[in-house]
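Peer 1: Got a structure here, written out as structure tokens. Questions coming.
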Amino acid sequence: MDAMAWAIWVTGLPGSGKTTITREMQHLLSGERVKILQLDEVRKIVTPQPKYTEEERDIVYASLAYMAKVLTECGINVIVDATANRKRYRDLARQLIPNFAEIYVKCTLEICIERESTRVTKYSPKGIYKRAGAKSSTVPGINVPYEEPNNPEVVIDSEKIDPREAAESIVKRIGELFNGN
């Protein structure tokens, strides 16, 4: 019998390296059934004209958690690539999904701001930290809190290790947690 599918939530401030590490993990797991749920891609469907309010975030993150649950029930492993600035968003996924792990990509705000200013993204909004000074802005870590995980299964310091090494470490830990490897 196959091992049950798993879901991991890669969290951290915008610009911390979540998406880069997730892409590296995708390469390492190429022989597995893995689906990446990327927040900004899903947000374009769930809230096509995002306002980034607390209520809207509740809906988007609950949608991500539920999609991950359904995919794991179908035998598909899931990597959720999303800031999820509130612990309750990630806790909901943990409650819904039996094989769940939280990956915290730790990075100082200063480095995140520097990285975000030069990153090329497909779905993410550009220049979020530049707009953080606006009255209506809700940027995690600046205008709204980012609640670090209490007990993540993996902590990656993206200032100290490169994305490939981070991905290898996470994939190894996933194997230990969910496949008995």
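The values are calculated or read from the model by the stated rules, or taken from the named source; none is laboratory data. This structure is a prediction, so every number in the text was calculated from the model and none was measured. Quick reminder, even Gly has a Cβ in these numbers, built from the backbone with ideal geometry, and neighbours come from all protein chains shown.
Peer 1: Return the only residue of Leu71, Leu64, Leu37 being buried (at least 16 other Cβ atoms within 10 Å of the Cβ) and more than 14 Å from the chain's Cα centre (by Cα).
Peer 2: Matching residue, one of Leu71, Leu64, Leu37: Leu71.
Peer 1: Scanning for something surrounded by fewer than 17 Cβ atoms within 10 Å (Cβ to Cβ) and touching a helix residue (DSSP H, G or I) at 6+ places or on another chain (Cβ under 9 Å), does the range 7-18 turn up at least one residue?
Peer 2: no
Peer 1: Could you tell me whether any residue of the range 93-116 is crowded, with 20+ Cβ neighbours inside 10 Å, farther than 19 Å from Lys18 by Cα and at pLDDT 95 or above?
Peer 2: yes
Peer 1: Something else: Any residue in the range 66-84 that is within 17 Å of Glu148 (Cα to Cα) and touching a Pro at 6+ places or on another chain (Cβ under 6 Å)?
Peer 2: Yes, the range 66-84 contains a residue that is within 17 Å of Glu148 (Cα to Cα) and touching a Pro at 6+ places or on another chain (Cβ under 6 Å).
Peer 1: Of everything in the range 156-181 that's in contact (Cβ under 8 Å) with a residue 60 or more places away in the chain and either touching a Phe, Trp or Tyr at 6+ places or on another chain (Cβ under 6 Å) or within 17 Å of Cys107 (Cα to Cα) (or both), which residue is surrounded by the fewest Cβ atoms within 10 Å (Cβ to Cβ)?
Peer 2: The selected residue is Arg164.
Peer 1: Residues that are at positive phi and of a type outside the set (S, T, N, Q): does the range 61-80 have at least one?
Peer 2: yes
Peer 1: Which of the residues belonging to the range 151-181 are under 17 Å from the mean Cα position of the chain (by Cα) and either closer than 10 Å to Ala101 by Cβ or hydrophobic (A, V, I, L, M, F, W, C) (or both)?
Peer 2: Pro152, Glu153, Val154, Val155, Ile156, Ala166, Ala167, Ile170, Val171, Arg173, Ile174
Peer 1: Can you go through Lys126, Lys135, Lys44 and tell me which one is modelled with pLDDT under 90, surrounded by fewer than 16 Cβ atoms within 10 Å (Cβ to Cβ) and part of a helix (DSSP H, G or I)?
Peer 2: From the options Lys126, Lys135, Lys44, the qualifying one is Lys44.
Peer 1: For Tyr104, are the conditions met, namely being among the aromatic types (Phe, Trp, Tyr), in contact with a Gly (Cβ under 9 Å, 6 or more places away or on another chain), touching a residue at least 12 places away in the same chain (Cβ under 8 Å) and not in a loop (DSSP other than H, G, I, E, B)?
Peer 2: Considered against the rule, which asks whether it is among the aromatic types (Phe, Trp, Tyr), in contact with a Gly (Cβ under 9 Å, 6 or more places away or on another chain), touching a residue at least 12 places away in the same chain (Cβ under 8 Å) and not in a loop (DSSP other than H, G, I, E, B), Tyr104 comes out as yes.
Peer 1: Assess whether Arg57 counts as being touching a Pro at 6+ places or on another chain (Cβ under 8 Å), of a type in the set (Lys, Arg) and at pLDDT below 95.
Peer 2: In short, no.
Peer 1: State whether the residues of the range 141-155 include one that is modelled with pLDDT of 70 or more, outside any loop (DSSP other than H, G, I, E, B), among the charged types (D, E, K, R) and surrounded by fewer than 15 Cβ atoms within 10 Å (Cβ to Cβ).
Peer 2: no
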